[in-house]
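Please read the structure below before turning to the comments.
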Amino acid sequence: MSTRSAIMGSDAPACPARSAKSIAFQEAWAGIPKSALIPDKADFRPERLKNFLNDIYLVELHQEAERRLLFRLAGQSVRDGLGIEMRGLNYVDFVPPEHRASAGISMRKMFGPVPCGRWVRKEVVHRDGFREPIELTQMPMTDLAGGGWLVIGIVEGFGENRAHAEADEGKFRFESFDAEYFIDIGAGLPDEA
């Protein structure tokens, strides 16, 4: 199982150790029936990922900025950690304004000529300034019936700090913590970021 930073070159950071849960999620995703490297939503059954349902999220990718990364579902720990229901909301609306134009662009790499997963560390910056580190393990999924791309992932790191999330009233933001990393799902790793 190999990973590589999305930042190329000699200054690319080595991937920190992924958690056992992240690796288990990747293995569970790999168990979804598929006819190619990427499974289709029609073949997905929630019971295959039952150990991850509280931490899971599903994002639909679109070309239009106002719908670029639309949440389709978010597990209980995600909703509790953010203090709101994410379904129907655009991830782009929760990043700093200077990063909105590029938010989620590298997720498209997951569906490129060399399909891959992603592992990313971010910080949720709550309304009161509390910074909460989280880790995202993301895997690609197609939606052949709808003609789209989906990213299914898990979030790790939401702690016992629900008071911060409850006070947010949807006023939090996601900030990059460090580099993002591509995960080999059987085709190798993309050559460039």
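Consider R127 carefully, then state whether it is among the charged types (D, E, K, R), in a loop (DSSP other than H, G, I, E, B), touching a His at 6+ places or on another chain (Cβ under 9 Å) and surrounded by fewer than 18 Cβ atoms within 10 Å (Cβ to Cβ). Step through it out loud before you land on a result.
Numbers: among the charged types (D, E, K, R): yes; in a loop (DSSP other than H, G, I, E, B): yes; touching a His at 6+ places or on another chain (Cβ under 9 Å): yes; surrounded by fewer than 18 Cβ atoms within 10 Å (Cβ to Cβ): yes.
Answer is yes for this residue.
Checking C15 against (1) farther than 17 Å from G104 by Cα; (2) modelled with pLDDT of 85 or more; (3) out of contact with any helix residue (DSSP H, G or I) (no Cβ under 8 Å at 6 or more places or on another chain), which test does it fail?
Condition (2) is where C15 drops out.
Does I23 satisfy the condition of being modelled with pLDDT of 95 or more and within 18 Å of the chain's Cα centre (by Cα)? Explain how you work it out, then say what you get.
Details: modelled with pLDDT of 95 or more: yes; within 18 Å of the chain's Cα centre (by Cα): yes.
Judged against the criteria, I23 is a match.
State whether the residues of the stretch 106-118 include one that is among the β-branched types (V, I, T) and within 14 Å of the chain's Cα centre (by Cα).
no
Quickly run through the stretch 101-124 and pick out the residues that are of a type in the set (A, V, I, L, M, F, W, C) and assigned to a strand (DSSP E or B).
Filtering the stretch 101-124 for residues of a type in the set (A, V, I, L, M, F, W, C) gives 101, 103, 105, 107, 110-111, 114, 116, 119-120, 124.
The answer is C116, W119, V120, V124.
Quick one: would you say I38 is of a type outside the set (F, W, Y), surrounded by 11 or more Cβ atoms within 10 Å (Cβ to Cβ) and at pLDDT 90 or above? Walk me through how you get there before you give the answer.
Numbers: of a type outside the set (F, W, Y): yes; surrounded by 11 or more Cβ atoms within 10 Å (Cβ to Cβ): yes; at pLDDT 90 or above: yes.
Yes; evaluated as a whole, the condition is true for this residue.
Would it be correct to say that G170 is under 26 Å from F44 (Cα atoms), out of contact with any Lys or Arg (no Cβ under 6 Å at 6 or more places or on another chain), assigned to a loop (DSSP other than H, G, I, E, B) and of a type outside the set (D, E)? So that I can check it myself, show each step before the final result.
Values: under 26 Å from F44 (Cα atoms): no; out of contact with any Lys or Arg (no Cβ under 6 Å at 6 or more places or on another chain): yes; assigned to a loop (DSSP other than H, G, I, E, B): yes; of a type outside the set (D, E): yes.
No.
Given the condition modelled with pLDDT of 90 or more and of a type in the set (F, W, Y), answer yes or no: does some residue in the stretch 142-154 qualify?
Among the residues of the stretch 142-154, at least one is modelled with pLDDT of 90 or more and of a type in the set (F, W, Y), which makes the answer yes.
State whether the residues of the stretch 55-66 include one that is among the polar types (S, T, N, Q), more than 19 Å from V124 (Cβ to Cβ) and outside any helix (DSSP H, G or I).
Of the stretch 55-66, the ones among the polar types (S, T, N, Q) are 63.
Among the residues that remain, those that are also more than 19 Å from V124 (Cβ to Cβ) are: 63.
From what's left, outside any helix (DSSP H, G or I): 63.
Within the stretch 55-66, one or more residues are among the polar types (S, T, N, Q), more than 19 Å from V124 (Cβ to Cβ) and outside any helix (DSSP H, G or I).
Here is a list of conditions, (1) free of Cβ contacts under 8 Å to residues at least 60 places away in the same chain; (2) in contact with a helix residue (DSSP H, G or I) (Cβ under 7 Å, 6 or more places away or on another chain), and A74 meets all of them except one; can you say which number that is?
The number of the failed condition is (2).
The values are calculated or read from the model by the stated rules, or taken from the named source; none is laboratory data. All of these numbers come straight from a predicted model, not from anything done at the bench. Because the Cβ atoms are built from the backbone with ideal geometry, glycine has one as well, and the counts that use them run over all protein chains shown.
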